[in-house]
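Comments concern the structure below.
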Amino acid sequence: VPILVGGKVTGRAGDYNLGVLDVQTEAAGTFDSANVFAARVSRNVGEQSTIGAIVTNGDPNGRDSNTVAGVDANFGTSQFRGDRNLRASVWALESFDDVADDAASGASPGYPTDIWFWQLRWKEIQEDFAPELGFVPRTGVRTYSGELGFEPILNREVRRLEFGAESTVVTDLTND
């Protein structure tokens, strides 16, 4: 699909990170012309955390209108229980189009520390969530997963070995 014109601005101002992309495409084959737009802003909070927002607008197929808006927060510290790492993230998105509006969300706490680590993840993608400027492999699902690992540090030649187990359960929105 030919691009007629586009612009991108990225940068940092103080504790803020910004990215904006706007592109106008030309009609080609079965695709109508389209304007697609994406913007992301995040703010550093403390030394290891961020909060942010994203908005996208447009359908690269040029057929429908589609907007997605979302927020996220990533929290981190390297001083948990003295000198340990702890991470957590949460996010939520909502899509709006001519057919239906629906959401996606997720959360993930984790303990990424030397020797032992663990992480839990939860994600829900509602049935009509449709980010036309993104990719969703499957809608109408909840995903629960967890990981536990052991990484002993050996010596200079063999820096570390990694042993772990991970489990994932995928259900529909009624947990079946």
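The values are calculated or read from the model by the stated rules, or taken from the named source; none is laboratory data. Predicted, not measured: the structure shown is a model, and the values here were computed from it. Quick reminder, even Gly has a Cβ in these numbers, built from the backbone with ideal geometry, and neighbours come from all protein chains shown. Remember, those area values only see protein heavy atoms, side chains included, never the ligands or the DNA or RNA. Shrake-Rupley method; radii C 1.70, N 1.55, O 1.52, S 1.80 Å.
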Open item on the list: Test of understanding: what is the full-extension gain from ALA107 to ALA165, defined as 0.36 nm times their sequence separation minus their Cα-Cα distance?
Closed with: 18.9 nm
Task: Sparse-neighbour loop sites [GluC sites (Glu not before Pro); region 99-176; at most 11 other C-beta within 10 Å; DSSP] - done: GLU157, GLU162
Task: Linear extension gain, TYR144 paired with LYS8, 0.36 nm per residue minus alpha-carbon span - done: 45.3 nm
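Once you mark the trypsin sites (Lys or Arg not before Pro) that are in a DSSP loop and have at most 13 other Cβ atoms within 10 Å, what is the longest gap between them in the chain? Provide the component values of the computation, followed by the final result.
On the way: sites that count: ARG63, ARG81, ARG138, ARG156, ARG159.
That gives 1-62 as the longest site-free run.
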TODO: Heads up, I need the accessible area for LEU21: 1.4 angstrom probe, whole protein in place, Å², nearest 10.
DONE: 80 Å²
TODO: Consider the candidate values (1) -0.53, -0.78, -1.32; (2) -0.47, -0.77, -1.27; (3) -0.35, -0.61, -1.37; state which one is log10 I(q)/I(0) by the Debye sum over Cα atoms at q = 0.09, 0.12, 0.20 Å⁻¹ computed from the structure displayed.
DONE: (2)
